[in-house]
Amino acid sequence: MPDALDEKAIEILKDNDRGGYTVPTAGLYPYQWNWDSAFVALGFATFDRDRAWREIETLFDAQWTDGFLPHIVFRVDDPSYFPGPSVWRTGKSPETSGITQPPVAASITRWMWESADHDEARVAALYPKLLAWHRWFHRYRDPLNKGLVLCTHPWESGRDNSPEWDEPANAVDTTKVEPYQRRDLALIDHDMRPSTDDYDRYIAILQSGRDNDWEHAAIAKNGPFRVFDIGMTMILLRANRDLLRLAEFFGTSDECDELSSRIKLTEESVDYLWDEESRAFCSRDAITGKSSSMVTSASFLSFYAGVGTPSQKEHLLENFDRISKRVRYMLPSHDPDHDKFNSILYWRGPVWAIVNTMVALGLAEAGLEKAAARIYGDTRKLIEKTGFYEAYCPITGEGTGGADFSWTAAMWLHLAKAGGQPQSMKGAA
Ligand code: GLC
């Protein structure tokens, strides 16, 4: 592996470090983001473990007393970003947004803990906070009591403008959206960013949460956007397995039982998100009950979560092979055969290194080495060819979104450190 890329990746993390937390990229995202920080910790862990733990610790400093962990922590008010703290108005200190993001932190804490033997005290301090966050999901985001995660804003999914959200979001009333000015379009090519209509819906859903005083029980009951997200469901299932591993060392036997039963519940219910038409795991609108029937990169997170019958796995691999013949670089965020595929438009086609890392790990653990190697190799090629972008066009490899992106730099360092193979990260318990 070229040393120059290692050095560049380290430089990006250091440059984006704002003192205990890292911004995803300077300019476009000037605050601390939830799942970004967790992934970034894996990058820091390759050269500064103390700094790596701090990244996760500072994120949890913003945890609400009920266990909720926000998707953005606003430590400074930066007028170059919209919507900032004055729009969210959650009234917390530090100021935060009112929605969450995919719960990858427990998995990453486990991997970091198992890769060295001297961080016990820090993991012990994080464990109850991770457990409180997972309990928050179970309490407020599992309306069917099936262990399937309800997402109440497209931004919660981390896949902000995935076509999976188009239909559920189209039903959102945007007539009361207060006037606003987007800031992202001054920084990034318009063709790569969500549309104005999408933005109106994002803000309408945000305003509705604010009108509910960010009472998550009310939002989960009446919010205008309520979807069972396949990505968050699979990520939480995996994270529960990893948290169980931590609970065995740092928790009580009751907590282990509690996590085991949550895992079992999701395993038994996940078929609700299987879609026969696309032969894949897909998100499902909780209001209409309708499946998106779309194959996205999140569909393949079932391997990472360790679920799927032999026949479901076979169908997913058929989809994987079909997609792999249509693009040069795996894994596109959306199906290239679908009419909403757009190779450079944010979560409607581009490839994301963090999703690739999770999917490749899952495939490797399932013994699907060839598919894992394709994803891992393509991730490496994209970074070697184009540098550390937010995402990449799966056809040309061109960089999309922000440059010098923290989690892409972190994934480069992490995968390189793991001997170039994602399976050297520890598997699920
Ligand atoms: C975008 C992405 C989201 C990410 C954030 C910061 O909103 O969709 O997943 O956390 O940028 O990188």
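The values are calculated or read from the model by the stated rules, or taken from the named source; none is laboratory data. A quick note: this is a predicted structure, and the numbers were derived from the prediction, not measured. Cβ sites come from the backbone with ideal geometry, for glycine too, and all protein chains shown count toward neighbours. Heavy atoms of the whole protein, side chains included, go into the accessibility calculation; ligands, DNA and RNA do not. Shrake-Rupley method; radii C 1.70, N 1.55, O 1.52, S 1.80 Å.
Provide Rg over Rh for segment 4-417; use the alpha carbon set for both Rg and the Kirkwood Rh (inverse mean inverse pair distance). Write down the numbers at each step before the final one.
Details: Rg = 19.6 Å, Rh = 21.2 Å.
For segment 4-417, the value is 0.92.
Taking a cut-off of 25 Å between Cα atoms, list the lysines near K14, but don't count ones fewer than 8 places away on the same chain.
Within the straight-line limit of under 25 Å, K14 reaches these lysines: K381, K385, K417.
From the protein chains alone at 1.4 Å, what is the descending order of accessible area for T288, T25, T386, largest first? Spell out each step's value before the answer.
On the way: T288 95, T25 5, T386 40 Å².
My answer, sorted largest first, is T288, T386, T25.
Expressed as a whole percentage, what fraction of the accessible surface of segment 145-216 belongs to carbon and sulfur atoms when a 1.4 Å probe is rolled over the protein heavy atoms?
Details: 1260 of 3090 Å².
Roughly 41 percent, rounded to a whole number.
Taking the full set of protein chains and a 1.4 angstrom probe, give the accessible area of E314 in square angstrom, rounded to the nearest 10.
For E314, solvent-accessible area is about 110 Å².
Using only alpha carbon pairs under 8 Å that are at least six residues apart, calculate the relative contact order of segment 4-417 and give it in whole percent. If you can, show how the numbers build up before the last one.
Details: 738 pairs, mean separation 74.7, N = 414.
Worked out over segment 4-417, it gives 18 percent.
For E120 and R89, what does the FRET efficiency come to when R0 = 41 Å and r is the distance between their Cβ atoms, rounded to the nearest 0.05? Don't skip to the answer; put the middle values down first.
On the way: r = 39 Å, r/R0 = 0.96.
Efficiency for this residue pair is about 0.55.
In Å, what Kirkwood hydrodynamic radius results for segment 1-96 from the alpha-carbon pair distances? Mind dumping the intermediate values first?
On the way: mean 1/r = 0.0714 Å⁻¹.
Mean inverse Cα-Cα distance, inverted, gives 14.0 Å.
List the aspartates and glutamates whose alpha-carbon lies under 13 Å from that of K340, not counting same-chain residues fewer than 8 positions away?
Those aspartates and glutamates meeting the cut-off are E164, D166, E167.
Mind giving me the nanometre distance, one decimal, between the label points for S80 and E167, set 7 Å out from Cα along Cα→Cβ?
4.0
Measure off 7 Å from each Cα along the Cα-to-Cβ vector at N145 and T65, then give the distance between these two points in nanometres to one decimal.
Output for this residue pair reads 2.8 nm.
Once a ≥ b ≥ c are taken as the square roots of the eigenvalues of the Cα gyration tensor of segment 197-272, is the result rounded (a/c under 1.5), prolate (a/b larger than b/c) or oblate (a/b not larger than b/c)?
Values: a/c = 2.84, a/b = 2.10, b/c = 1.35.
Here segment 197-272 falls in the prolate category.
Using a simple charge model, +1 on the beta-carbon of Lys and Arg, -1 on the beta-carbon of Asp and Glu, nothing else, what dipole does segment 269-348 show about its Cα centre, in debye to the nearest 20? It would help to have the intermediate numbers written out before the result.
On the way: 10 positive and 11 negative charges, 65 e Å.
Using only the charged Cβ atoms, the result is roughly 320 debye.
Is any helix in the chain, taking whole DSSP H runs, at least 15 angstrom long along its axis by alpha carbon and on average at least -1.0 on the Kyte-Doolittle scale, and which ones?
Details: long enough: 3-15 (18 Å, -0.39); 34-44 (16 Å, 0.74); 49-61 (18 Å, -1.25); 120-140 (30 Å, -0.37); 196-211 (22 Å, -1.02); 230-250 (29 Å, 0.76); 253-269 (24 Å, -1.10); 310-326 (24 Å, -1.52); 353-365 (18 Å, 1.52); 369-386 (25 Å, -0.89); 406-417 (16 Å, 0.38).
In the chain, the long hydrophobic H runs are 3-15, 34-44, 120-140, 230-250, 353-365, 369-386, 406-417.
Please get the size of the charge dipole for the chain, origin at its Cα centre, with Cβ charges of +1 on Lys and Arg and -1 on Asp and Glu, quoted in debye to the nearest 20. Walk me through the intermediate numbers first.
Details: 47 positive and 64 negative charges, 49 e Å.
For this selection, approximately 240 debye.
Multiply the residue gap between E276 and A218 by 0.36 nm, knock off their C-alpha separation, and tell me the result in nm, one decimal place. Mind dumping the intermediate values first?
Numbers: separation 58, 0.36 × 58 = 20.88 nm, distance 3.24 nm.
In short, 17.6 nm is gained.
What lysines does K92 reach when the alpha-carbon gap must be under 27 Å and sequence neighbours fewer than 8 apart in one chain are set aside?
Correct list for K92: K129, K176, K221.
Using 0.36 nm per residue of separation minus the Cα-Cα distance, give me the extension gain between K381 and D15 in nm, one decimal. Write out the running numbers ahead of the final one.
On the way: separation 366, 0.36 × 366 = 131.76 nm, distance 2.37 nm.
Extra length from K381 to D15 when fully extended: 129.4 nm.
Just read off the accessible area of L236 with the full protein assembly in place, 1.4 Å probe, to the nearest 10 Å².
Counting only protein heavy atoms, the figure is 10 Å².
Under a 1.4 Å probe, what is the accessible area of the chain per residue, stated in Å²? Show your work: numbers first, answer last.
Values: 15760 Å² over 429 residues.
Ligands and nucleic acids excluded, the result is 37 Å² per residue.
Using a 1.4 angstrom probe on the protein heavy atoms only, line up H216, H338 by accessible area, largest first.
Sorted by accessible area, descending: H338, H216.
Could you report the accessible area of S115 in Å², rounded to 10, computed with a 1.4 Å probe on the protein chains as they sit in the structure?
Solvent-accessible area, nearest 10 Å²: 80 Å².
Using only the heavy atoms of the protein chains and a 1.4 Å probe, how would E114, E390 rank by accessible area, largest first?
Working: E114 50, E390 5 Å².
The ordering from most to least exposed comes out as E114, E390.
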